[in-house]
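Below: the structure, in structure tokens.
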Amino acid sequence: MVSLGLMTPRAYFRLISCLALLVCSSVAATAQQPRLAEADVAAIADAKAREEGYPLETYSHSAPMYVQTSGAWEVHYFARQEQHDRTGKFSIAVDDASRFASLSPSYSAPTVSASPAVASSATGFSWVRAVLIGIAVALTLRVIGWLRRRTSHARSNAKA
């Protein structure tokens, strides 16, 4: 086998493969994870509802749902009695980073997701992951081509 400086072509290939795997795994690990616990989100949302004048003893609420694309939690409240003086439903969004809560007086009922704690998957990062994987594959193929040309050139020079 022809040596290319300090490493063989196989060693270069292994190095590039490891780097490509490292890049892909680091991108997958950067998906936004919630900082707040569900109990903290529920307490913040309850405090905001009381601040807005909603009597919480007449409402029940859903489990807090984390929306990964916006980085916020949502808590939906439903009136236990339909003859309440307000609309009977409202939701509160809690920003995961700043803990800021905002009220939305009426909304359409949320759709049930596969995981109630996470309302959205990592769709925001899927295109980034795909682009980086494409770049890693392209670079790996380019290095392999370069190594093959260099090896064949070195073999032809050795024969001459």
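The values are calculated or read from the model by the stated rules, or taken from the named source; none is laboratory data. The structure presented is a predicted model; accordingly, all values stated were derived computationally and were not measured. Positions of Cβ are backbone-derived with ideal geometry, glycine not excepted, and every protein chain shown enters the neighbour counts.
So which residues in the range 30-76 are out of contact with any Lys or Arg (no Cβ under 8 Å at 6 or more places or on another chain), surrounded by 13 or more Cβ atoms within 10 Å (Cβ to Cβ) and touching a residue at least 60 places away in the same chain (Cβ under 8 Å)?
Passing the criteria: ALA31, GLN32, PRO34, GLU38.
Which residue is modelled with the highest pLDDT, if the candidates are limited to the range 1-19 and must be β-branched (Val, Ile, Thr) and closer than 18 Å to LEU141 by Cα?
Keep residues of the range 1-19 that are β-branched (Val, Ile, Thr), which gives 2, 8, 16.
Checking the rest, the ones that are also closer than 18 Å to LEU141 by Cα come to 8, 16.
Numbers: THR8: 73, ILE16: 76.
This residue is ILE16.
Test THR87 against the stated conditions and say whether it is part of a loop (DSSP other than H, G, I, E, B) and at pLDDT 60 or above.
Working: part of a loop (DSSP other than H, G, I, E, B): yes; at pLDDT 60 or above: yes.
For THR87, the condition - part of a loop (DSSP other than H, G, I, E, B) and at pLDDT 60 or above - is met.
Does the range 133-156 include one or more residues that are touching a Pro at 6+ places or on another chain (Cβ under 9 Å), modelled with pLDDT under 80 and either in a loop (DSSP other than H, G, I, E, B) or not polar (S, T, N, Q) (or both)?
no
Give the residue, chosen from SER70, SER113, SER106, that is modelled with pLDDT under 55, farther than 17 Å from ALA42 by Cβ, of a type in the set (S, T, N, Q) and not in a strand (DSSP E or B).
SER113
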